[in-house]
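Inspection log for the structure reproduced underneath, given as structure tokens.
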Amino acid sequence: MLAGWDAINKSIVNSEAASASPQHEKPAEYRSYLPLPSEGIWYYVANPPIPIHLSTEDLAARILADLTLAECNDATARMYGLSSPAEVVGLRLQDSIIATEPRNIESIREFIDGGFKLTNGESVKRTVDGTPRLAVCSAVGVVRDEHLVGIWGSQIDITETKDLEHQRRRADTMSALNRLAGGVAHDFNNLLTTILTSVDMLEETLETDHVGRQDAQEIRRAARRAAELTRQLLALSQQQVLVQRPVDLNPVVQRAVSNARRASGQRVDVRMMLASSPAIASVDSEELEQVLTNLATFSSESMRDVGTMSLRVGAVALNHGRFAEPDHVAPGEYVTITFEDSGPPFDRDTIAHLFEPFYGIELAGSVSGLALATLHGFVRQSGGSVVLEPVARGRQLIMYFPVATMPPARTAGPAGGVSDRATVLLAEDEPTVRLLMKRVLQRAGYSVLVASDGDEALALARNCAGHIDLLVTDVIMPGMGGGELSRRLRSEQPHIKVLHVSGYTAGALRQHEALEDGAA
């Protein structure tokens with residue numbers, strides 16, 4: 001309650017006329033002060049007065065039924081969507097605009113049990129159009145002759161504050177999930193690398209009709225499904241390693257539509273409209289094709305494989321930003337991919353959670369739990385935005401990608417590859433991955449020098465009597481990492497080519513500042 005309010009309230013409470021007419025004999029300063037505060041100030045009068053010795057439940061029922069708003073300021077009226085106090089004065093506490101919701105009933109009980117005082121109790125108010133608003137209220141009862149004759153109070157609308165708190169909690173949850181995804185991905189990728197490469201090498205040793213080939217193929221399928229799940233988790237957390245380059249989105253969408261037609265069958269009519277000229281954006285084309293295919297699968301499942309869907313490539317220039325769900329789109333020039341289908345429209349509650357991980361599982365089948373979350377994460381990581389557009393029928397989603405410029409074509413120079421008789425220096429700290437990479441390189445015909453960290457690799461290179469053609473190095477290792485190793489080695493032997501490998505995410509690599517720009 002504002003400073004000075006207690007003194008004003010005491011003067012009114014002590015006035016013999018306060019219970020009969022709260023507007024009687026009030027100082028002129030009060031009348032000029034009342035419209036000024038941004039918080040709502042009000043007075044309810046009990047008609048008839050309510051005995052204070054009733055039970056809590058009986059008192060609460062009488063307060064709801066017998067209290068009428070006798071006076072309020074402009075701020076109170078605005079909280080109910082009205083322009084002046086005259087439009088709200090005269091309403092009973094239990095009228096719909098005040099909303100007799102469970103939270104409000106509990107606040108009344110707290111007011112009674114607190115000796116007819118309430119400090120910062122939360123309650124729900126409703127505007128004239130029924131929109132709920134959350135307020136924090138303080139109140140004090142006016143008691144005469146062991147009867148409650150009125151209640152003075154104040155209220156502050158905290159709806160936006162609560163919304164911001166909710167968004168912050170969601171952001172904190174997503175941040176925690178991002179860190180978890182990035183941490184798990186490194187170890188999981190190492191395991192999957194070992195499994196997938198080992199099963200490939202095993203299958204090469206088996207005859208076509210060998211009984212073990214079917215088991216090997218099943219192991220590969222399971223490992224690839226696990227790898228796809230890891231990729232999706234990294235996409236939704238915006239930590240996947242993207243190979244972004246300027247590409248025309250038209251052929252990418254063409255391939256995604258072809259995938260969607262194969263996956264959706266003949267009962268879903270999949271349509272496509274490409275831009276009349278190249279639509280250039282800087283994206284990872286393979287990842288974009290995959291998230292569009294997943295989106296089409298989600299659509300097909302949620303329509304139960306009956307309906308229409310379309311993908312449309314276009315361009316738009318925004319002079320002003322767009323505030324939309326779930327993203328804000330800044331002014332600028334964009335290439336757009338518009339997705340539409342005839343599926344059931346999303347209600348507002350669904351939209352609020354639609355791009356959360358696994359929320360979509362409740363809407364459809366196998367891939368939907370991550371389809372929309374990974375799409376959103378991919379577009380955001382690519383520098384774009386996602387907007388859900390209201391349409392008369394069905395659903396529409398627009399992806400905005402900043403326009404990019406295609407670099408000039410480079411003329412082909414002399415071949416600079418590494419021959420299969422070359423020497424490769426391998427630096428990898430994970431034993432199983434190190435052994436596996438050594439076997440793969442040796443089977444491909446390379447001579448391989450193996451080191452478990454950067455210091456050992458640098459020593460091997462300096463002591464090597466022959467010619468080292470290629471350094472294959474893990475990026476993040478104990479001690480000297482791959483970035484520092486490659487810089488130091490190339491300063492001593494400029495001819496050496498370098499290939500960096502990592503099971504960590506892009507975010508982790510940036511954090512370590514491990515790589516030079518343009519590193520392979």
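The values are calculated or read from the model by the stated rules, or taken from the named source; none is laboratory data. Computed from a predicted structure; not experimentally measured. Every residue, glycine among them, receives a Cβ derived from its backbone with ideal geometry; neighbour counts consider all protein chains shown. In case anyone asks, the SASA skips ligands and DNA or RNA and just uses the protein heavy atoms, side chains included. Shrake-Rupley method; radii C 1.70, N 1.55, O 1.52, S 1.80 Å.
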> For residues in the stretch 310-342 being among the polar types (S, T, N, Q) and more than 13 Å from residue 403 (Cα to Cα), which is least open to solvent (accessible area, probe 1.4 Å)?
Replying inline: 338
> Of all residues in the stretch 357-393 being open to solvent by 50 Å² or more (accessible area, probe 1.4 Å), in contact with a helix residue (DSSP H, G or I) (Cβ under 9 Å, 6 or more places away or on another chain) and not in a helix (DSSP H, G or I), which is modelled with the highest pLDDT?
Replying inline: 358
>> Kindly evaluate residue 124 against the criterion of being part of a loop (DSSP other than H, G, I, E, B) and either open to solvent by 70 Å² or more (accessible area, probe 1.4 Å) or at pLDDT below 90 (or both).
In response: no
> Does the stretch 271-284 contain at least one residue that is open to solvent by 30 Å² or more (accessible area, probe 1.4 Å), among the charged types (D, E, K, R) and either without any contact (Cβ under 8 Å) to a residue 40 or more places away in the chain or under 25 Å from residue 403 (Cα atoms) (or both)?
Replying inline: yes
>> Can you pull out every residue in the stretch 253-304 that is among the small types (Gly, Ala, Ser), in a helix (DSSP H, G or I), in contact with a Leu (Cβ under 6 Å, 6 or more places away or on another chain) and at pLDDT 85 or above?
In response: 256
>> Going residue by residue through the stretch 157-174, is there one that turns out to be open to solvent by less than 60 Å² (accessible area, probe 1.4 Å), in contact with a strand residue (DSSP E or B) (Cβ under 9 Å, 6 or more places away or on another chain) and of a type in the set (Lys, Arg)?
In response: no
>> I'm trying to understand the selection: among the residues of the stretch 59-94, which are charged (D, E, K, R), open to solvent by 60 Å² or more (accessible area, probe 1.4 Å) and under 19 Å from residue 139 (Cβ atoms)?
In response: 62, 92
> Can you name every residue in the stretch 294-309 that is β-branched (Val, Ile, Thr) and crowded, with 20+ Cβ neighbours inside 10 Å?
Replying inline: 297
>> Checking the structure you have, find out if any residue of the stretch 414-435 is in contact with a Gly (Cβ under 7 Å, 6 or more places away or on another chain), surrounded by fewer than 19 Cβ atoms within 10 Å (Cβ to Cβ), closer than 30 Å to residue 249 by Cβ and modelled with pLDDT of 90 or more.
In response: no
> Which condition number in (1) within 24 Å of residue 287 (Cβ to Cβ); (2) at pLDDT 80 or above is the one that residue 187 fails?
Replying inline: (2)
>> For the stretch 95-109, check the following and say yes or no: at least one residue is in a strand (DSSP E or B), open to solvent by less than 20 Å² (accessible area, probe 1.4 Å) and either farther than 18 Å from residue 138 by Cβ or modelled with pLDDT under 90 (or both).
In response: no
